[in-house]
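Note sheet for the following structure.
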Amino acid sequence: MTVPSAAPARNRGGRWIEEWDPEDETFWREKGARIARRNLLLSVLCEHIGFSVWTLWSVMVLFMGPEYGLTPADKFLLTSVVTLVGAVVRVPYTYAVAVFGGRNWTIVSACLLLVPTVAAFVVMEPGTSFTTFLLVGLLAGVGGGNFASSMTNINAFFPLRRKGWALGLNAGGGNLGVPVIQLVALAIIGAHGGPRVLLGVYIPLVLVAAALAAVHMDNIASVRNDTGAARDAAKDAHTWIMAFLYTGTFGSFIGYGFAFGQVLQSEFGRTPLQAACVTFVGPLLGSLIRPVGGRLADRYGGARITLWTFVAMAGATGAVVAASVQRSLPLFTAAFIALFVLTGLGNGSTYKMIPGIFQAKAVARGLRGEEASSYGRRLSGASMGLIGAVGALGGVGINLALRQSFLTRGSGTGAFVAFLAFYGLCFAVTWAVYLRGTAPRSRTVAAAEPQPGPAYAEV
């Protein structure tokens, strides 16, 4: 067996691994695991800062008082725009890994985070027009793209048997950027009274992350120049089915991450500091439990964990509706935090399903060994960017729905009722496509369960 090398390839800049076979247990034990874990660690760091930059406006709007001249509807619109851009750029970011290499694009994408942070530093003061804030918010959306390229890159490094944990850890570490930016903002803005100090802290962190990626990360040569994989993934119905389910999990996580503090302010009259003291708890717990969702999916099957997560999310949303009607702040806060935890669990389980689905498709095509693994890595890596992009659009929908609900009803109750119905639909789709034994044209059984299941029928 040819031993993969991390030495730079001829006529290529940077660190390139010419051959990579993580499914080979000997290679994985002797060399692969060490290289994969090193890349995972740096990927988590860069994605974490990307999430922080993407969601920094969820904090900034809490501290933009009457002197900024923004209504609650303006703030929901601002965070919706930021979420939208973060979702859309995930598609080109997915392609970028194949075009430039995972390490190379990690460096570029980290450096791009300087643009929104510097721009926000310049304009963040009373008297700035709402249009200017919207335009600067658009720039912050690039932080959302880091997730897609990071997940696509890390997916290629790990064997199928370890993907649930690895992808959960990668995404969970990135998701932690949401509560961390909120905690840092609480400490810095609360102490100094202005958001510019917060932005000044993140600018050097971006530079450090880019430098570490340049020194310690690697590119996998087999991933490069495979832009056709995204096209093939887009043609597969399972890509869009999983995108729909991921809208229910990650779309909820990022949407609530942007909206939680604003709802506390608008519906329950919390001050900026009172809201900020609570808003970080949900995203923190949701981020920490995401790897657990991946691990549970590795053991019990992604679709089973996803199915029951949607049941629990519907129950928690029902409690949020009741709390909103009763104006019960303790119940509302507890139920909302429970929702965050459940979204994190579902995020881990849904992403575990993706490589399993395409591995099962490879086996159904008659592929075996490394050929099957390569096929699964190729399509699952490409599909993750598309699924992540569509899933993040759920965050846009949540913020727009809450904005409309506050405009028409003066509370978020109407929006939460709609979310409850949506989780019921996600439950039905998960059961019908991946768990019902007689589901037409698809019987993966929980998207490549750890034990053998019924034969896979191509959609």
**Asked** Using helices alone, what [θ] at 222 nm do you get for the chain, with -39,500 (n - 2.57) per DSSP H run of 4 or more residues, divided over all residues and rounded to the nearest 500?
**Response** -25000 deg cm²/dmol
**Prompt:** If one computes the Cα centroid of segment 100-171 and of segment 73-92, what distance in Å separates the two points?
**Reply:** 13 Å
**Message:** From the phi angles alone, apply the Karplus equation (6.51, -1.76, 1.60; θ = phi - 60°) to segment 392-404 and give each ³J(HN,Hα) in whole Hz, x where the residue is Gly or Pro.
**Reply:** 5, 4, x, x, 5, x, 4, 5, 5, 5, 5, 4, 5
**Sequence-distant lysines (8 or more away, or on other chains) whose Cα lies within less than 25 Å of Lys163** = Lys31, Lys235, Lys352, Lys361
**Asked** Tell me, what % of the accessible area of segment 101-140 is carbon and sulfur with a 1.4 angstrom probe?
**Response** 77 percent
**Complete:** To the nearest 0.05, the calculated FRET efficiency linking Glu25 and Asp232 through their beta-carbon distance, R0 being 22 Å, is 0.20
**Fill in**
Relative contact order in percent for the chain (Cα pairs under 8 Å, 6+ apart) equals 23 percent
**Complete:** Along segment 137-151, Karplus-curve 3J(HN,Hα) (6.51, -1.76, 1.60; θ = phi - 60°) to the nearest Hz, with x for Gly and Pro, reads x, 4, 5, 5, x, 4, x, x, x, 4, 4, 5, 5, 5, 5
**Request:** May I ask you to give the percent of accessible area on segment 179-313 that is carbon plus sulfur, with a probe radius of 1.4 Å?
**Result:** 67 percent
**Message:** Using a probe radius of 1.4 Å on heavy atoms only, what accessible surface per residue do you get for segment 280-370? Whole Å² is fine.
**Reply:** 34 Å²
**Message:** Output wanted: per-residue J couplings in Hz (rounded whole) for segment 19-30, from phi through Karplus 6.51 cos²θ - 1.76 cosθ + 1.60, θ = phi - 60°, x for Gly and Pro.
**Reply:** 10, 8, 9, x, 6, 6, 5, 5, 4, 4, 5, 7
**Fill in**
Between Arg299 and Trp431, the FRET efficiency computed from the C-beta separation at R0 = 22 Å comes out, to the nearest 0.05, as 0.65
**Request:** Could you please state, rounded to a whole Å, how far the C-alpha centre of segment 310-334 is from the C-alpha centre of segment 273-299?
**Result:** 17 Å
**Complete:** Heavy-atom accessible area per residue of segment 19-62, all protein chains kept, 1.4 Å probe, expressed in Å², is 34 Å²
**Message:** Tell me whether segment 268-346 comes out rounded, prolate or oblate; compute the Cα gyration tensor, take square roots of the eigenvalues as a ≥ b ≥ c, and use a/c under 1.5 as the rounded threshold.
**Reply:** oblate
**Given the chain, longest segment not containing exposed loop GluC sites (Glu not before Pro) (DSSP; at most 13 other Cβ within 10 Å)** = 20-457
**For segment 152-245: rounded, prolate or oblate by the Cα gyration tensor [a/c cutoff 1.5]** = prolate
**Request:** Taking H placed 1.01 Å from N in the peptide plane, check which residues at least 5 places from Trp16 or on another chain put their amide H under 5 Å from its amide H.
**Result:** Ala9, Asn219
**Prompt:** Rounded, prolate or oblate: which fits the chain when a ≥ b ≥ c are the square roots of the eigenvalues of the alpha-carbon gyration tensor, with rounded for a/c under 1.5 and prolate only if a/b beats b/c?
**Reply:** oblate
**Request:** Mind checking the per residue accessible area of segment 375-417 for me, 1.4 Å probe, whole number of Å²?
**Result:** 29 Å²
**Prompt:** FRET efficiency for Leu114 and Ala418, Cβ-Cβ distance as r, R0 = 35 Å, nearest 0.05?
**Reply:** 0.40
**Message:** Using +1 at the C-beta of Lys and Arg and -1 at the C-beta of Asp and Glu, which of Gly381, Ala73, Ser328 has the Cα lying farthest in the positive direction of the dipole of the chain?
**Reply:** Gly381
**Request:** Could you tell me which of Val197, Gly172, Val311 has its Cα farthest along the dipole of the chain towards the positive end, charges placed at Cβ (Lys, Arg +1; Asp, Glu -1), taken about the Cα centre?
**Result:** Val311
**Prompt:** If one takes the longest principal axis of the Cα atoms in the chain, at what angle in degrees, from 0 to 90 and to the nearest 10, does the Cα axis of helix 281-300 lie?
**Reply:** 20 degrees
**Item:** At most 14 other Cβ within 10 Å, DSSP loop - trypsin sites (Lys or Arg not before Pro), segment 185-279
**Value:** Lys235
**Fill in**
Percent relative contact order for segment 158-293, counting Cα pairs under 8 Å at least six residues apart, stands at 54 percent
**Message:** Considering only protein heavy atoms and a probe of 1.4 Å, how much of the accessible area of segment 328-384 is carbon and sulfur, as a whole percent?
**Reply:** 63 percent
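The values are calculated or read from the model by the stated rules, or taken from the named source; none is laboratory data. All values reported here derive from a predicted model rather than from experimental measurement. With ideal geometry, Cβ positions are generated from the backbone for all residues, glycine too; neighbour counts draw on all protein chains shown. SASA here: full protein model, heavy atoms, side chains in, ligands and nucleic acids out. Shrake-Rupley method; radii C 1.70, N 1.55, O 1.52, S 1.80 Å.
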